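Asker: Below you will find the structure I want to go over with you.
The values are calculated or read from the model by the stated rules, or taken from the named source; none is laboratory data. Remember, it's a predicted structure, so these values are computed and weren't measured experimentally. Quick reminder, even Gly has a Cβ in these numbers, built from the backbone with ideal geometry, and neighbours come from all protein chains shown. Surface areas here come from the heavy atoms of the whole protein model, side chains and all, with no ligands, DNA or RNA. Shrake-Rupley method; radii C 1.70, N 1.55, O 1.52, S 1.80 Å.
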Amino acid sequence: MSGFNPFEIIPGDPSRSLVILGDHAMNRLPTEYGDLGLPAEAFKRHIAYDIGVEDVTRGLCASLGVPSVLGCFSRLLIDPNRGEDDPTLIMKLSDGMVIPANHPLSVEERDRRLNLYHRPYHDAVATVIAETWRMSGKPPLVISLHSFTHAWKGVGRPWHAGVLWDTDPRAAQLLIDLLSADPELVVGDNEPYDGALRGDTMHRHCSMTGLPHALLEIRQDLISEKSGVDSWVDRLSPILASMADRQDLHQVELHGSRVI
Ligand SMILES: [Zn+2]
């Protein structure tokens with residue numbers, strides 16, 4: 001049995017009924033996995049985790065006093081933002097780099113990673129959402145934080161941030177509008193990725209349950225240094241506080257999904 005904790009709960013005041021998630025916040029591996037056969041530098045890259053997200057999440061939790069759940073294992077071990085039957089749950093290849101310990105992968109090893117890391121993380125997310133709901137007396141708004149690379153396959157990405165969503169527009173459209181009020185920001189609407197992915201964290205914990213939610217992607221070079229982290233915490237704190245104050249973002253509404 002591994003002594004590795006697959007998640008960290010940042011405790012917070014439930015009264016705002018806001019929960020922040022950081023699926024890919026960390027690049028750690030349980031010691032028995034060594035380095036998955038990869039060079040150490042791979043774990044400093046986006047293929048292993050979302051650069052900057054841990055610090056932005058901790059900053060927002062400190063500023064707003066709200067709870068959070070952070071994933072503590074590298075997405076190269078198993079990706080918490082994928083459904084259990086998703087073919088990219090355990091990547092054999094990421095951004096051109098083969099992951100030796102993931103290929104070939106036995107069914108037993110896949111189940112082990114699900115049982116020890118992926119499922120405990122999602123159990124923690126479900127628990128924190130349920131506890132926040134119970135203690136605040138209203139359905140929580142859930143914000144998921146991620147970061148993306150400034151370029152992909154040699155093509156630059158113009159966005160500073162992107163809001164990903166499936167079919168529930170409530171929190172996503174408002175977040176896009178509030179971020180776009182800053183003329184310096186280029187904000188993607190379902191860019192650089194589409195937010196409809198069956199079985200991912202938002203699909204599982206929010207789209208399927210009717211909780212208001214949005215996934216915010218921040219370009220990683222903007223939050224890779226402390227000054228950038230601080231400025232994004234300062235930018236997002238009042239935005240998330242104002243969203244959490246809205247009663248229409250504490251209602252259960254089922255909007256379905258494009259990927260059921
Ligand atoms: Zn991510």
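Asker: Within the range 62-70, is there a residue that is in a helix (DSSP H, G or I), farther than 16 Å from P30 by Cβ and within 16 Å of the ligand (Cβ to nearest atom)?
Answerer: The answer is no, given that none of the residues of the range 62-70 is in a helix (DSSP H, G or I), farther than 16 Å from P30 by Cβ and within 16 Å of the ligand (Cβ to nearest atom).
Asker: Shifting gears a bit: Hey, does the range 10-21 have a residue that's over 22 Å from I129 (Cα atoms) and of a type in the set (D, E)?
Answerer: no
Asker: Restricted to the range 133-165, and to residues that are more than 16 Å from the ligand (Cβ to nearest atom), under 17 Å from R204 (Cα atoms) and of a type outside the set (F, W, Y), which residue is surrounded by the fewest Cβ atoms within 10 Å (Cβ to Cβ)?
Answerer: Filtering the range 133-165 for residues that are more than 16 Å from the ligand (Cβ to nearest atom), under 17 Å from R204 (Cα atoms) and of a type outside the set (F, W, Y), the one surrounded by the fewest Cβ atoms within 10 Å (Cβ to Cβ) comes out as P139.
Asker: Additional query: If you go through the range 30-37 one residue at a time, do you hit one that is surrounded by fewer than 16 Cβ atoms within 10 Å (Cβ to Cβ), more than 24 Å from P212 (Cβ to Cβ) and in contact with a strand residue (DSSP E or B) (Cβ under 9 Å, 6 or more places away or on another chain)?
Answerer: yes
A quick yes/no check of all residues on (1) touching a residue at least 24 places away in the same chain (Cβ under 8 Å); (2) touching a helix residue (DSSP H, G or I) at 6+ places or on another chain (Cβ under 9 Å); (3) among the hydrophobic types (A, V, I, L, M, F, W, C); (4) within 22 Å of H24 (Cβ to Cβ):
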{"site": "L141", "(1), (2), (3), (4)": "yes, yes, yes, yes"}
{"site": "S147", "(1), (2), (3), (4)": "yes, yes, no, yes"}
{"site": "G154", "(1), (2), (3), (4)": "no, no, no, no"}
{"site": "W159", "(1), (2), (3), (4)": "yes, no, yes, yes"}
{"site": "V163", "(1), (2), (3), (4)": "yes, yes, yes, yes"}
{"site": "P169", "(1), (2), (3), (4)": "yes, no, no, no"}
{"site": "L175", "(1), (2), (3), (4)": "yes, yes, yes, yes"}
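Asker: Looking at (1) in a helix (DSSP H, G or I); (2) more than 16 Å from the ligand (Cβ to nearest atom); (3) open to solvent by 30 Å² or more (accessible area, probe 1.4 Å); (4) not aromatic (F, W, Y), which is the only condition G59 fails?
Answerer: With (1) in a helix (DSSP H, G or I); (2) more than 16 Å from the ligand (Cβ to nearest atom); (3) open to solvent by 30 Å² or more (accessible area, probe 1.4 Å); (4) not aromatic (F, W, Y) applied to G59, the lone miss is (3).
Asker: Right, next: So if I check each of S237, S231, which one is under 26 Å from Y49 (Cα atoms) and free of Cβ contacts under 8 Å to residues at least 24 places away in the same chain?
Answerer: Step by step, each of S237, S231 is checked, and only S231 is under 26 Å from Y49 (Cα atoms) and free of Cβ contacts under 8 Å to residues at least 24 places away in the same chain.
Asker: Would you mind stating whether L21 is within 16 Å of the chain's Cα centre (by Cα), more than 13 Å from the ligand (Cβ to nearest atom), surrounded by 20 or more Cβ atoms within 10 Å (Cβ to Cβ) and not in a loop (DSSP other than H, G, I, E, B)?
Answerer: No.
Asker: May I ask you to verify whether I129 is over 28 Å from E41 (Cβ atoms), aliphatic (A, V, I, L, M) and in a strand (DSSP E or B)? Spell out the reasoning first.
Answerer: Values: over 28 Å from E41 (Cβ atoms): yes; aliphatic (A, V, I, L, M): yes; in a strand (DSSP E or B): no.
So I129 fails the test.
Asker: Given the structure, is R75 modelled with pLDDT of 95 or more, crowded, with 23+ Cβ neighbours inside 10 Å, within 16 Å of the ligand (Cβ to nearest atom) and within 30 Å of R235 (Cα to Cα)?
Answerer: On the way: modelled with pLDDT of 95 or more: yes; crowded, with 23+ Cβ neighbours inside 10 Å: yes; within 16 Å of the ligand (Cβ to nearest atom): yes; within 30 Å of R235 (Cα to Cα): yes.
It is true that R75 is modelled with pLDDT of 95 or more, crowded, with 23+ Cβ neighbours inside 10 Å, within 16 Å of the ligand (Cβ to nearest atom) and within 30 Å of R235 (Cα to Cα).
Asker: Could you say whether any residue in the range 196-215 is within 15 Å of the ligand (Cβ to nearest atom), surrounded by fewer than 22 Cβ atoms within 10 Å (Cβ to Cβ) and farther than 21 Å from R75 by Cα?
Answerer: no
Asker: Next question, about the same structure. What's the total number of residues in the range 38-50 that are open to solvent by 30 Å² or more (accessible area, probe 1.4 Å), away from the ligand (no atom under 16 Å from the Cβ) and part of a loop (DSSP other than H, G, I, E, B)? Steps first, answer last, please.
Answerer: Filtering the range 38-50 down to residues open to solvent by 30 Å² or more (accessible area, probe 1.4 Å) leaves 39-41, 44-46, 49.
Among the residues that remain, those that are also away from the ligand (no atom under 16 Å from the Cβ) are: 39-41.
Applying the additional criterion that residues be part of a loop (DSSP other than H, G, I, E, B) yields 39.
Residues meeting the conditions: 1.
Asker: Which count do you get for residues in the range 89-98 that are of a type in the set (A, V, I, L, M, F, W, C) and either over 23 Å from the mean Cα position of the chain (by Cα) or at pLDDT below 95 (or both)?
Answerer: Within the range 89-98, residues that are of a type in the set (A, V, I, L, M, F, W, C) and either over 23 Å from the mean Cα position of the chain (by Cα) or at pLDDT below 95 (or both) number 3.
Asker: Another one. Looking only at the range 78-88, count every residue that is more than 14 Å from the ligand (Cβ to nearest atom) and either open to solvent by less than 10 Å² (accessible area, probe 1.4 Å) or without any contact (Cβ under 8 Å) to a residue 24 or more places away in the chain (or both) and tell me the total.
Answerer: 2
Asker: Kindly indicate whether any position in the range 99-110 is at pLDDT 95 or above, surrounded by fewer than 22 Cβ atoms within 10 Å (Cβ to Cβ) and within 15 Å of the ligand (Cβ to nearest atom).
Answerer: No.
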